[in-house]
Amino acid sequence: MKLRKVLRIARWEVSKNAGQLDRRTVAIGLVVLLAVGALTPLVAQQGVTLDDGIYRVGVPEDSSYHDPVAQDAKFVAVEPDPAAFPGEMELLVRPDGRVVAAETPKGRAALSDFRDTVTAYNDRLMTAESDEAAAFPVYVSVAYAEQNSPTASAAGSGAVRTTAEGKQRLDGETGDGNGADSGDGGTDSSGEESEGGDEPIGAPSVGGSGSLFGGSASGGTPADVAPPFPFESLVLAFAFVLPMNFVIQAYASTILDERVNQRGELLLVSPVSREDIIAGKTLPYFAGMVAIASVTAVGITTLTPAADGVGPLGIASTAAISVAAVIPIALLFLASSFVGGMFARSFKELTFVTVTLSVFLTAYAFVPAIFTNVHPVAAISPLTLVVEALQGTGAGAGPGVGVSLGDYAFSTLPLYLSAGVLFALGAGVYREEDMFTQRSVPLKFLDALDGQISGRRSAAKLSALSIPFVFVAELLVVALLFALPVSLSMPVLLVAIAFVEEIAKSVHVYAGFAHERFERTLRSAAVLGGFSGLGFFLGEKATAVAQLVGLPDLELGQAAFGTVTGLGIEASPLVLAGLLFAPLALHTITATVTAAGATRNRNWYFGTLVVATLVHAGYNLTVVSYIG
Amino acid sequence: MIEVDDLRKEYDGFTAVEGSNFSVPDGEVFGVVGPNGAGKTTTLKMLAGLVEPTAGSASVAGYDAGDPEMRKHLGFLPEESPLYEDMTAVSYLEFFADLYDVPRNVARERIHDTLDRLDLDHRERRIGDMSKGMTRKVAIARSLVNDPDVLIYDEPASGLDPLTTNYIIEFTRDLAVSGKTVVFSAHNLFHVESICDRVAVMNDGRIVARGSVDAIREEHGRTEYHVYTSVEVAGARKENGRYRRTVESMDAVEETRELAARAGGEVEDIQTHTPSLEDIFLEIAQESPDVEGRP
């Protein structure tokens, strides 16, 4: 690859596309971008205040209710004129202190919110009280434990127990009254996590004091103990991931544009490699994504209340970590859009492909990040690293302190590898013979796989290269299913994982048969199945990286990855060796079954895929049952 | 300059080109003709390194057809050349000059010189706003931006009006005169006949005839004599009040004279008809089954 030519193509890509925009469109786009850029941090800092002033409360200034009403933006204090009630107000505080609500749905809603507001106001007053013992004569410690875990019953009796699923019960024992925690991994009155917890699962940020964008620190009542709304993740997904969706539309379009009417043929015949062309065309969009992410990261880092007192170096460091975490997402967005642009036959089809990819990738980045601070499943998403970097809850204790390399590798490596494989897959068909043909997306996909086959051993290579996708798909399945009851999620997970893996091991073999690469005999199928199973087995061992963050501590994590690694299982060395190498036999057998189906035709292939999936799921169930 | 040795190309079991052999020396204009689907474009794309042969080999300017170094010596003009509509002609050509490592000042001079020769004005106009003929001229200018030794032009005048077509054919002839080696395909055989030193006639993926136009005419063409008589003779057709008998030898002409005399008439006129390349092509094509696009 020649850097000078890559840069020249990148410059051409920018100037070519710049010519497509008139000045008015550019101006409108800039205004929209600036508006989004300006509003995002503000919204992040202040929250959305759509309900400001929706309730009118007639309350005298000397009433003790006046201050709570005045301090809550939902309420507007008005003159307590009984004649104007209920027409001009929803609530009225009578001279005797009683509060009456209008007999309307809005009046009842106002009363409900009024109660919450007064309670919160009282909490704040108590928190500000110098005599803590007087304000909070009863302390409740909270310990989070895994469901069915022995520690759940052993840890701190008399505490509020919250299971991993967030169920709570109050045992009612009083504390020592000095505000100290007695439970491991519990929270103090300010809601921050205490150190030295034994539990691998962190507690939610009670009352929001640990929240990224500020919030009330006055909580601490049992009613406040609840999984927080994933506002940070929502904002981060909006701020970091949403702009990517716009960029990939333009990127995928420019890739497809090269294929329309064979426009890109002249570039192919010029003295530049296809890698130069692809890199040059991708570079501006990647740079744009990084630039947007950098501005967003600096903006959010600077405006985060937690950043108060942190110097420019700390802010720069946090922003750099955020951008580094977002880069693999950007690359995967671009890589999948590139493949979409190479496979789609028309802009209409491309829109469908990019929207599908966009939804899938956004879900992958966003859904696990919802559970940041709540559950280790959040570690799947690089956005979690961003939240941790901004909160300082990663490896350090404040914004600007880096996340660990292990966390970074776990969250991003599958994305980097997937992006690399996708670019390679698309580059394989970036040639005259493939890029200008009008074939359906599935057939193009098979063409792309076939382009990577050079012999029977390629089956092993392609199976191994599918591991990042398998890993990503399985992590997503875990993330989507983990909130369901285990009795329901476990069988679905086992079948889903088996299906994903069987497809990964067989689809390229099917592509090879479909393109007459291999002889259609059972012997050939057996050899290819052997290679495919071996390649997959070796690649699968890479999923041991999951151990880095203890994901297999989850029951679903064990189901997804414990069957692969055999780690964390207490058994004799012989059994462990069996568990270690049994997958090799499984993968070889099931890959041979699907390869045998692929030698016939598509229907036979799908039929054997179902059989292989059931066999694989049965194996998984057996191993999971053994692990217990 | 160009050597083609037993080229073959298959697509999913379909053979597009089979057993293609020819060579083109320096400075020659070589034509490739044939009906649609004969394998002309596939052959040219294999020469340009765009399509990988299934078997056989081709070399251009001393390099293998797939060698990136070869591309520096090649100017390729595909049959359809949709350009980047939002660029101007000059910026488009400057971009390709950069890719070919042509120094800026040299490129600028060469681009304007070529556009002058092609009589292309409005050089700063968006390509999307240009006519088809102007766009084709830009595409031709692009093929010359690296001052290549070899030019491969696939249907350079396809879809253009007669005036522009003639202009481009003349321009191609001038390129050959200036020493470029040109491989040229066209549907209009008159153009091929008028500028090509040698031709290869392709049909069904195979070269069915090759050589100079005269040699092919000699090999495949038959000189015909149209003998016009005042009376009807065997094998004659009435035409404008007299009878025409078409024969292929002077003996047959003499026989026609005797037949007319025996019927009380005489031979009024004898015309010699030399077949054009198009006639020969049609005849060759008709000899092969399953020819698409036969007129």
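Every number in this text was worked out from the coordinates using simple rules, so none of it is lab data. Only a predicted model underlies this, so the values are computations on that prediction, with no experimental measurement involved. Every residue, glycine as well, gets a Cβ built from its backbone with ideal geometry; the counts of neighbours run over all protein chains shown.
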Label point distance in nm, A:LEU313-A:VAL76, each placed 7 Å from Cα along Cα→Cβ: 5.1
Sum of -39500 (n - 2.57) over DSSP H runs of 4+, divided by residues of chain B (222 nm, nearest 500): -10500 deg cm²/dmol
Size of electric dipole in segment A:240-435: Cβ of Lys, Arg +1 and of Asp, Glu -1, about Cα centre, debye, nearest 20: 200
Span-like helix ranges in chain B, DSSP H, alpha carbon extent 30 angstrom or more, Kyte mean at least 1.0: none
Derived scalar couplings ³J(HN,Hα) [segment A:117-134; Karplus, 6.51 cos²θ - 1.76 cosθ + 1.60; whole Hz; x for Gly, Pro]: 5, 5, 4, 4, 4, 5, 4, 4, 4, 5, 4, 6, 5, 5, 8, 4, 5, 6
Dipole-positive endmost among A:ALA320, A:VAL339, A:SER294 within segment A:253-356 (Cβ charges, Cα centre): A:VAL339
Segment B:222-274 - charge dipole about Cα centre, Lys and Arg +1 at Cβ, Asp and Glu -1, debye rounded to 20: 220
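Provide the three semi-axes, in whole Å and in decreasing order, of the ellipsoid equivalent to segment B:148-295 as defined by the square roots of 5 times the Cα gyration tensor eigenvalues.
Details: eigenvalues 320, 55, 42 Å².
Three semi-axes, in Å: 40, 17, 14.
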Segment A:PHE360-A:ALA133, length gained on full extension (0.36 nm per residue, minus Cα span): 76.6 nm
Highest to lowest packing among B:194-202, B:159-167, B:76-84, A:350-358, scored as the average C-beta count within 10 Å: B:194-202, B:76-84, A:350-358, B:159-167
At R0 = 22 Å, FRET efficiency that the Cβ-Cβ distance of A:ALA424 and A:PHE347 yields, to 0.05: 0.35
5 angstrom amide H check on B:ALA16, placed H, neighbours 5+ away: B:LYS9, B:GLU10, B:TYR11
Descending principal axes extents, segment A:240-435, alpha-carbon based, whole Å: 57, 31, 27
Integer Hz, Karplus 6.51/-1.76/1.60 couplings in order for segment A:590-601, x for Gly and Pro: 5, 5, 5, 4, 5, 5, 5, x, 5, 5, 8, 7
Under-5 Å amide H pairs with B:GLY75, H placed in peptide plane, nonlocal only: B:VAL150, B:LEU151, B:ILE152
Whole-percent pair-distance distribution, where bins are 5 Å wide, for the alpha carbons of segment A:406-481: 3, 14, 20, 21, 17, 13, 8, 4, 1
Beta bridges per DSSP with both ends in segment B:2-218, % antiparallel, nearest 5: 55
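Normalised by the number of residues in segment B:180-264, what is the relative contact order in percent for Cα pairs under 8 Å and 6+ residues apart? Mind dumping the intermediate values first?
Working: 90 pairs, mean separation 15.8, N = 85.
The value is 19 percent.
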Whole-number percent relative contact order across chain B, with pairs defined as alpha carbons under 8 Å at least 6 apart: 21
Amide proton proximity set for B:VAL29, modelled H, under 5 Å, gap of 5+: B:VAL182, B:ASP197, B:ARG198
Antiparallel content of DSSP bridges confined to segment A:55-128, in %, to 5: 35
Rounded, prolate or oblate (a/c below 1.5 giving rounded, otherwise prolate when a/b exceeds b/c) for segment B:222-274 by Cα gyration tensor: oblate
For segment A:55-128, the fraction of alpha-carbon pairs in successive 10 Å shells from zero, as %: 22, 56, 19, 3
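Is there a simple number for the mean count of other chain Cβ atoms within 10 Å of the Cβ of residues in A:259-269, and what is it?
Counting other chains' Cβ atoms within 10 Å and averaging over A:259-269 gives 6.
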Karplus-derived 3J(HN,Hα), 6.51/-1.76/1.60, for each residue of segment A:349-363, Hz, glycine and proline x: 5, 4, 4, 4, 5, 5, 5, 4, 4, 4, 5, 4, 5, 5, 4
Label zone at B:HIS112, where the point sits 7 Å out along the Cα-to-Cβ direction: segment B:147-187 residues whose backbone N lies under 20 Å: B:147
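In terms of the Cα gyration tensor, with a ≥ b ≥ c the square roots of its eigenvalues, is segment B:16-91 rounded because a/c is under 1.5, prolate because a/b exceeds b/c, or oblate? All intermediate terms of the calculation are to be shown ahead of the outcome.
On the way: a/c = 1.81, a/b = 1.40, b/c = 1.29.
Since a/c reaches 1.5 and a/b is larger than b/c, the shape of segment B:16-91 is classed as prolate.
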Simple label model, 7 Å out from Cα along Cβ direction - B:ASP119 to A:ALA585, nm: 8.3
